[in-house]
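Asks: Before I ask anything, here is the structure I am working with.
Just so you know, all these numbers are worked out from the coordinates, no wet-lab data involved. All values reported here derive from a predicted model rather than from experimental measurement. Every residue, glycine among them, receives a Cβ derived from its backbone with ideal geometry; neighbour counts consider all protein chains shown.
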């Protein structure tokens, strides 16, 4: 139910760690660091998509299962928007 | 619906039962759950109906005390160059105001609300660890009062509520004022974590049958997320306070740049806790709003799944915005940009909740009685605070507004709108549950309007004073800067707010009558289980929940519950019991025997508080004695747990029998231990982050690690310790002759092994010339090993405890929980120590 949100959390912690590592080893302004950040973001988006597809392709449950499925899919959607939004600083 | 546990949910159709209930059933239930009869029993009580009221009362006491401090500050700032408060006293007062509001009011108040309301909301008789809840309350009350009293001796902390070093290091804060904060707050956070464990296990394991996740009310959802956030966030402040206290007491240079430390580490650790703290405070209040608004509007909450998803999303993203408090510290620009984006993203889930509340108000027929007014007023104020939050999430604006009164205005709008108003709404809404009389509606409306006006008159002008350049925390200011008038207006507003709180206190004194023979009842026509007729035993019988709004949609439920026609209508064997259910579908699993009152948790809290507070005044021998007494009391408390049962099963109604004892992952104790270990793991993880962070500041000061051969030996010992811990429960379950002795021996070997390995590792580093007070590497390595050693030390105490249980015949193969839990703890201890060893040996580079 929280797969998308978990990946979102991993994404922003990961971006912070990548930026900090870039700051130690070279410079946060270096293009390489930004490409790694972009790659990481795409990976997270792909994982969210996989999670959403897995949830969506399961047989539609009834009762509480349906409710959990709705929350999970909405969470995955919000997470995808969040990851995309938080990747935009790489463009500047 | 697929069964989660194998329980046949068609058995729910047997309820409500028919026919008369057995004679004496209700009397037996009342006798098992009787309230205090002697004065001392009011202190040793553990029932949530009593502890919850104490807890809310104590939190509101601290709210009033911190509010008085705010009035003192506003009096000082009413006019320029006032001499009402000396500068030093002002520093102590603003520090105590922030600290008490954040640590002794906001978090405990919502936790208290959870302790008071959750059992009834979930249809449980009590939370699963009532003694732990009571211990958490007494520890909080004693620690909090002692901490507050430091103000009267001029010993209160004066470094601001977030206590940044180097200001709070020994150089600039040489007295013991800062130590009171560090040890006092660290201790109180432990109490908050104890409460969080109680809430998580309570919400996941003691819901009424049928209360699946979609039928779980929003308030328990919010409390569940709140408690999980505490488990993840609070270890950070515990670690931070430990590190700063180690630096102050022993000179370990975590934050001293001359020896490789960095004050920025404090800011990272503090705000990793501090920002989620805002949502930790907000989410339960939002849960209360999502409960109160539909009830007052007499309609279902619009978009309930979205609201739950938004609360989950808020919980997750709150851990990704900590550094937005640090935009001016010189972090890399790209990191600042990430945190700025994340901070703006928070407005999405918050907005979802706000729109759901507005839509619910629009869809229903809102009654603007006092709870309704406070709910809507809080919504308005919170939205205003949220808007300025988006402003300060923008880095260029934040650079201008940072540490100015604009921030003071912003944070008060968010916290008062997001927590204080909902708290008052909750008090006016739910108080009839616990009091013979409800609070006065007429006074309530006066209180609301005074508070609403007072808040805006006090804090709206602060936006202007901030934009005009007035820095926060100044004890006075010069005339002629344009700050005079807005400050004077703010002071008038603060006193109006104070008047509202005074009226509320008078209302409480006039009308609040707890622990009476009956309550005022469901005067708001609330839809939740908490409005069922109840006593100290909570509900007479535990219903099957078929709706999110059971009292609105399950007609006749209250009468059936009161007649004992649902689950667990009595107290078999005169025991206090509650039904434990599965975490997802809430299917009955077993009957949990709850403890009865005893003094040991109270003594434990007194001596634990004594240990921390006496450490502050550096009377180390007395502190150790207090600590030993605390351990003794806690061991006595645990001694009577995991006791044998007279019956293997209990009839929980309609001929359905459930076991009285379960061990392993299905048991509530196992869940609690796992949560404790997550807390330990978080501290260790953050200590590991601190280690790497400190290396990144001054790698030139770091020396090579000791010889690798010793690492292999130490890891080998830890592997053995972990193996013994993992095997012990299996040995016990084989139930062969001597199984108890073998399991005990394995656990003792595991504990001693882990302690030995950590001790050997410490010696290896010491021999290699690394000293904890010389460099940040030494401080970080010894802190990590200290943490692993603390776990090993607790493991040794557990080894002693299990030996004693074996010696007194309190171990048995048919009751393996004690061995399970100690085995789990020791296996974790060995694993954690191995991770620590690998980190400090292999990063940044291996030794010879």
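Asks: Give or take rounding to whole Å, what are the principal axis extents of the alpha carbon atoms in segment B:742-795, in descending order?
Replies: Answer, in whole Å and largest first: 45, 18, 9 Å.
Asks: What percentage of all Cα-Cα pairs in segment B:701-842 are separated by more than 21 Å?
Replies: 44
Asks: Put a dot 7 Å past each Cα toward the Cβ at residue B:484 and residue A:46; how far apart are the dots in nm?
Replies: About 6.7 nm, to one decimal.
Asks: Please list the equivalent ellipsoid semi-axes of segment B:326-475, computed as the square roots of five times the alpha-carbon gyration tensor eigenvalues, in descending order and whole angstrom.
Replies: The equivalent ellipsoid of segment B:326-475 has semi-axes of 34, 19, 12 Å.
Asks: Please give, to one decimal in nm, the separation of the simple spin-label points placed at residue A:31 and residue B:170, each 7 Å out from Cα toward the Cβ.
Replies: So the label points at residue A:31 and residue B:170 sit 5.2 nm apart.
Asks: A further question follows. Segment B:52-511: percent of C-alpha pairs farther apart than 31 Å?
Replies: Percent of Cα pairs beyond 31 Å in segment B:52-511: 40.
Asks: How much length is gained if the chain between residue B:437 and residue B:559 is pulled fully straight, taking 0.36 nm per residue apart and subtracting their Cα-Cα distance, in nm to one decimal?
Replies: 41.7 nm
Asks: Considering the alpha-carbon set of segment B:451-579 alone, what are its Rg and its Dmax in angstrom?
Replies: That works out to 25.6, 77 Å for Rg and Dmax.
Asks: log₁₀ I(q)/I(0) of the protein assembly as shown at q = 0.05 Å⁻¹, via Debye over equal Cα point scatterers, no solvent, to two decimals?
Replies: -0.29
Asks: Let me ask something additional. For every helix of n ≥ 4 consecutive DSSP H residues, a contribution of -39,500 (n - 2.57) applies; sum these over chain A, divide by its total residues, and give [θ] at 222 nm rounded to the nearest 500 deg cm²/dmol.
Replies: Theoretical 222 nm ellipticity from helices: -28500 deg cm²/dmol.
Asks: How much of the calculated P(r) for segment B:164-256 lies past 19 Å, in percent of all Cα pairs?
Replies: 53
Asks: To continue, here is another question. Using a simple spin-label model with points 7 Å from Cα along the Cα→Cβ vector, what separation in nm is obtained for residue B:723 and residue A:53?
Replies: 4.4
Asks: Could I ask something else about it? Per DSSP H run of at least 4 residues, take -39500 (n - 2.57); add these up for chain B, divide by its residues and hand me the 222 nm value, nearest 500 deg cm²/dmol.
Replies: Estimated from H runs of four or more residues: -21500 deg cm²/dmol.
Asks: State whether chain B is rounded, prolate or oblate according to the following rule on the C-alpha gyration tensor (a ≥ b ≥ c being the square roots of its eigenvalues): a/c under 1.5 gives rounded; otherwise a/b larger than b/c gives prolate, and the remaining case gives oblate.
Replies: Here chain B falls in the oblate category.
Asks: Another one. Per residue Cα convex hull volume for segment B:265-391, in cubic angstrom?
Replies: Taking only Cα atoms, segment B:265-391 has a hull volume of 94 Å³ per residue.
Asks: A further question on this structure: If you average over every viewing direction, what projected area does the convex hull of the Cα atoms of chain A give, in nm²?
Replies: 5.5
Asks: Additional query: Calculate log10 I(q)/I(0) of segment B:647-741 for q = 0.22 Å⁻¹, where I(q) comes from the Debye formula with a single equal point scatterer on each Cα and nothing for solvent.
Replies: Scattering profile of segment B:647-741, log10 relative to I(0): -1.23.
Asks: When B:730, B:442, B:300 are ordered from fewest to most other Cβ atoms inside 10 Å of their Cβ, what list results?
Replies: B:442, B:730, B:300
Asks: Any number yet on Rg/Rh for segment A:40-79, C-alpha, Kirkwood?
Replies: Ratio of gyration radius to Kirkwood radius: 1.04.
Asks: Suppose we take every Cα in segment B:17-127 and form the convex hull; what volume per residue is that in Å³?
Replies: Normalising the Cα hull of segment B:17-127 by residue number yields 137 Å³.
Asks: Compute the convex hull volume of the Cα atoms of segment B:232-336, divide it by the residue count, and report the result per residue in Å³ as a whole number.
Replies: Taking only Cα atoms, segment B:232-336 has a hull volume of 121 Å³ per residue.
Asks: Taking neighbour Cβ counts within 10 Å as the exposure measure, how do B:485, B:244, B:467 sort from fewest upward?
Replies: With the sparsest Cβ surroundings first, the list reads B:485, B:467, B:244.
Asks: Taking the beta-carbon count within 10 Å as an exposure proxy, list B:214, B:820 from fewest neighbours to most.
Replies: Ranking B:214, B:820 by Cβ neighbours within 10 Å, fewest first, gives B:214, B:820.
Asks: Determine by what factor the alpha-carbon radius of gyration of segment B:548-643 differs from 2.2 N^0.38 Å, reporting the quotient.
Replies: Cα-based Rg divided by the globular estimate yields 1.72.
Asks: May I pose another question? If contacts are Cα pairs under 8 angstrom and at least 6 residues apart, what is the relative contact order of chain B in percent?
Replies: Averaging sequence separation for qualifying contacts and normalising by length gives 17 percent for chain B.
Asks: Please find the FRET efficiency linking residue A:88 to residue A:24, where r is the Cβ-Cβ separation and R0 is fixed at 30 Å, and quote it to the nearest 0.05.
Replies: Plugging the Cβ-Cβ distance into 1/(1 + (r/R0)^6) gives 0.80.
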